[in-house]
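The values are calculated or read from the model by the stated rules, or taken from the named source; none is laboratory data. The structure displayed is predicted, hence computed values, not measured ones. When we count neighbours, we look across all protein chains shown, and the Cβ atoms used for this are built from the backbone with ideal geometry, even at glycine. When the accessible area is computed, the model is the full protein with side chains, heavy atoms only, and any ligands, DNA or RNA have been set aside. Shrake-Rupley method; radii C 1.70, N 1.55, O 1.52, S 1.80 Å.
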Amino acid sequence: MAISAKERSHQRKAALTAGVSLIIMTLASFFSYGFVHASLVVQGDASATFHNIMSSSMLFKAEIFGWLIILICDIVVAWAFYIFLKPMNNGLSLLGAWFRLIYAAILGIAILNLIFVLLLSSSADPLSISDQLQAQAMLYLKAFDSIWSMGLIIFGGHLLIVGYVAFKSDGIIPKIISVLLLIAAVGYILIHLCNMFLPQYDQIITILKFVFTVPMIVGELGFGLWLLLKGGRVSIKA
């Protein structure tokens, strides 16, 4: 039996919400991590990193604000995905939502470390910055990376569930999108398991990133664009 017009309307609203949120998250991620974080943090150089953050405090605050936008959008997407995927598989869509909410909670804990760095840099005297203070700030930045990396393993589990439900949607969601989501899920899980437990094998991690970067970006973003343009417009069987 086909779902009612009211339920179809709810699905369309959920699809639009998820699509817009995913696009906002992508833009915020490119800014906060791809631009600001990559510009300010110098791996292995605590002194240069601390001075970069001190001299660009507004930019660092903008990065933190971007992460907060990402966090809020993740929570919204967890709800929207559940509403949209529920008619296809209620149990798995609920499990997928919980996985994303757990990831969002871990991301929130990771963001706290950036706030600690901001507090350290804001209260430091530019004329008397100790090596210990710089090392402490670098430790918080490494904690951010490690905690976020752990969360991305959970995020990979979320994508694995979403990709499986999409794959079993009887053609409602294009197969190419579901396959990209499944590949992205495997990429997130493998890369960040290696980051957490096998960091010494950096060449393997580099190869994995090279192989999976495109599907990791295109998978969820492609799903978001499809949701924005077509999600909820196709009749779904209950």
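Selection of the range 65-81 for residues being open to solvent by 50 Å² or more (accessible area, probe 1.4 Å), of a type outside the set (A, V, I, L, M) and free of Cβ contacts under 8 Å to residues at least 60 places away in the same chain yields only Phe65. In this structure, is Asp131 open to solvent by 80 Å² or more (accessible area, probe 1.4 Å) and on the phi > 0 side of the Ramachandran plot? Considered against the rule, which asks whether it is open to solvent by 80 Å² or more (accessible area, probe 1.4 Å) and on the phi > 0 side of the Ramachandran plot, Asp131 comes out as no. Checked against (1) of a type in the set (S, T, N, Q); (2) assigned to a helix (DSSP H, G or I); (3) open to solvent by 70 Å² or more (accessible area, probe 1.4 Å), Gln43 meets all criteria but (2).
Cys73 meets each of the listed conditions (1) within 17 Å of Leu221 (Cα to Cα); (2) over 13 Å from the mean Cα position of the chain (by Cα); (3) modelled with pLDDT of 95 or more apart from (2).
Of the numbered criteria (1) open to solvent by less than 40 Å² (accessible area, probe 1.4 Å); (2) touching a helix residue (DSSP H, G or I) at 6+ places or on another chain (Cβ under 7 Å), the one Leu160 fails is (1).
Per the conditions (1) at pLDDT 95 or above; (2) surrounded by 15 or more Cβ atoms within 10 Å (Cβ to Cβ); (3) of a type in the set (A, V, I, L, M), the sole criterion not satisfied by Leu139 is (2).
Just checking, which of Pro126, Pro87 is outside any helix (DSSP H, G or I), more than 26 Å from Phe35 (Cα to Cα), of a type outside the set (S, T, N, Q) and open to solvent by 30 Å² or more (accessible area, probe 1.4 Å)?
On the way: Pro126 fails: more than 26 Å from Phe35 (Cα to Cα).
None of the others qualify; the one that does is Pro87.
Being touching a Cys at 6+ places or on another chain (Cβ under 9 Å), polar (S, T, N, Q) and part of a helix (DSSP H, G or I) is true of Ser21.
Do we find that Phe155 is in a helix (DSSP H, G or I) and free of Cβ contacts under 8 Å to residues at least 12 places away in the same chain in this structure?
Working: in a helix (DSSP H, G or I): yes; free of Cβ contacts under 8 Å to residues at least 12 places away in the same chain: no.
No, not satisfied.
Please find, among Ala62, Ala105, the residue that is under 30 Å from Phe167 (Cα atoms), open to solvent by 10 Å² or more (accessible area, probe 1.4 Å), without any contact (Cβ under 8 Å) to a residue 60 or more places away in the chain and aliphatic (A, V, I, L, M). Testing whether each residue is under 30 Å from Phe167 (Cα atoms), open to solvent by 10 Å² or more (accessible area, probe 1.4 Å), without any contact (Cβ under 8 Å) to a residue 60 or more places away in the chain and aliphatic (A, V, I, L, M) leaves just Ala105.
If I filter the range 182-198 for residues that are without any contact (Cβ under 8 Å) to a residue 60 or more places away in the chain, outside any helix (DSSP H, G or I), open to solvent by 60 Å² or more (accessible area, probe 1.4 Å) and not basic (Lys, Arg), do I get at least one hit?
Filtering the range 182-198 down to residues without any contact (Cβ under 8 Å) to a residue 60 or more places away in the chain leaves 182-198.
Right, trim to outside any helix (DSSP H, G or I) and you get 198.
Those left that are additionally open to solvent by 60 Å² or more (accessible area, probe 1.4 Å): 198.
Cutting the leftovers down to not basic (Lys, Arg) gives us 198.
Yes: one or more hits.
List the residue pairs whose Cβ atoms are under 9 Å apart, where the first residue sits in the range 169-181 and is within 19 Å of Phe212 (Cβ to Cβ) and open to solvent by less than 30 Å² (accessible area, probe 1.4 Å), the second is of a type in the set (A, V, I, L, M) and in a helix (DSSP H, G or I), and the two are 6 or more positions apart or on different chains. Filtered contacts from the range 169-181: Ile177/Ala166; Ser178/Val162; Ser178/Val165; Ser178/Ala166; Leu181/Leu159; Leu181/Leu160; Leu181/Val162; Leu181/Ala166.
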